[in-house]
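One structure follows; several queries about it will come next.
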Amino acid sequence: MDRAFEVAVVPSFSRLGPVVRSRLEHWGTPPRLDGALALVTGATSGIGLACATELARLGARVHLVGRDERRGAAARRSVLEAGASEAVLHLADLSEPTEVADLAAALAGQGSWTAVVHAAGALLARYGCNSAGRELTVATGVLAPHVLMCTLAPKLARGANVVLVSSGGMYTQPFDLAALELPRPAYRGAVAYARAKRAQVLLARAWAPRLAPLGAAAWSAHPGWAATPGLRSGMPVFYRLLQPVLRSSEQGAGTVVWLAAGGAAGAPAGAFYHDRRPRGEARWPVSHPYRSGPSGVAEAEELFRWCVGATATPWPLPADGGEVEPARREP
Ligand SMILES: NC(=O)c1ccc[n+]([C@@H]2O[C@H](COP(=O)([O-])OP(=O)(O)OC[C@H]3O[C@@H](n4cnc5c(N)ncnc54)[C@H](OP(=O)(O)O)[C@@H]3O)[C@@H](O)[C@H]2O)c1
């Protein structure tokens, strides 16, 4: 049943996915996180807000990252109402390098993180770039998580889980580092979004072996199609047509929360999950998304090194006992 759903796409991505799969054997409940520290970016809306609320219900002390004070305050209230003993709001525009650096420094002083969810993201109709000239989709979805993880890695608790919220849209684009950032003349929002989402899957793969010596794990996951403000504004026609079968934000957040709480502990880290199972990363019309092989390990390393250069932010710890990577800027 699970495989048939996966092949047929619509049942898998729609609300039918969690409704049917939650009755199958593999569907576990997320472990409790009583007193643990959890971080969620994109926590002011949709899937990120649902993650923050559910992590609070699991007992976590939740830190929310948003860029709007009013939406942030409302999200914080929701998290407190869900029972969080602590709900702290951090304001930062994750597309702006200085704001990301300030946020990372503030988060590093908070204690040991047990769950980290990178949910911030958007499908942007028009080209935009940040003050460093980086395209906004990549800056927010790829470079900001890189900088946050490089800062927080030494601050992760043993058994911590880090999740990047990717998208099934990534199936439509192969990975090509040279084409990751679309320039203004060639810009198409859906393509920029899908490429950044593909890159997030590889970023989790690059993080996994670096976090393993710390006893922590990284994952990526796609939530399916969820009725969120982001989907409504980013893909209005799609939203209208599929509204009857869209997941709720909570259903979209389900597997992300399960991963963040340690539901997949012991499974091979770095995998791409959907509805509590690792999923393949190739699907029509892109049958070979990675040049190096089905898991794209070489591309993951290529992307990681590019992030180090683009942000001048090296991994802070020896990877597998090796040298700490030097900071270097792109030529
Ligand atoms: N909904 C779906 O069907 C679906 C499917 C696949 C993947 N996803 C992924 O799920 C994640 C959440 O999306 P959603 O559908 O829940 O959309 P959403 O309702 O628009 O939520 C997106 C969140 O990201 C934040 N964000 C966006 N750009 C930001 C920036 N530059 N700096 C700081 N925060 C920023 C938004 O903040 P503001 O409140 O300030 O806008 C908001 O909190 C995204 O990564 C998205 O790609 C969603």
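Laboratory data are not the source of any read-out in this text; all were calculated from the coordinates shown. The structure displayed is predicted, hence computed values, not measured ones. Using ideal geometry, Cβ is built from the backbone for each residue, glycine included, and neighbour counts are taken over all protein chains shown.
So, Ala120, is that one hydrophobic (A, V, I, L, M, F, W, C), under 16 Å from the mean Cα position of the chain (by Cα) and assigned to a loop (DSSP other than H, G, I, E, B) or not?
Yes.
Out of Ala106, Ala56, Ala73, which single residue is surrounded by 18 or more Cβ atoms within 10 Å (Cβ to Cβ) and small (Gly, Ala, Ser)?
Only one candidate qualifies: Ala56.
Would you mention how many residues in the range 12-34 are within 13 Å of the ligand (Cβ to nearest atom) and in contact with a Phe, Trp or Tyr (Cβ under 8 Å, 6 or more places away or on another chain)?
4
A further question on this structure: Six or more apart or on different chains, Cβ under 8 Å: which pairs go from a residue in the range 35-58 that's on the phi > 0 side of the Ramachandran plot and more than 10 Å from the ligand (Cβ to nearest atom) to one that's part of a loop (DSSP other than H, G, I, E, B) and among the polar types (S, T, N, Q)? Could you list them?
Gly35/Ser85
Which one is surrounded by the fewest Cβ atoms within 10 Å (Cβ to Cβ) among residues in the range 281-320 that are farther than 29 Å from Ala132 by Cβ and touching a Gly at 6+ places or on another chain (Cβ under 9 Å)?
Across the range 281-320, the extreme among qualifying residues is Pro294.
Please enumerate the residues belonging to the range 248-294 that are under 24 Å from Pro174 (Cα atoms), over 18 Å from the mean Cα position of the chain (by Cα) and not charged (D, E, K, R).
Ala282, Trp284, Pro285, Val286, Ser287, His288, Pro289, Tyr290, Ser292, Gly293, Pro294, listed by residue number.
Take the residues in the range 76-103 that are within 12 Å of the ligand (Cβ to nearest atom) and buried (at least 24 other Cβ atoms within 10 Å of the Cβ), then tell me which one is farthest from His222 (Cα to Cα).
Val100
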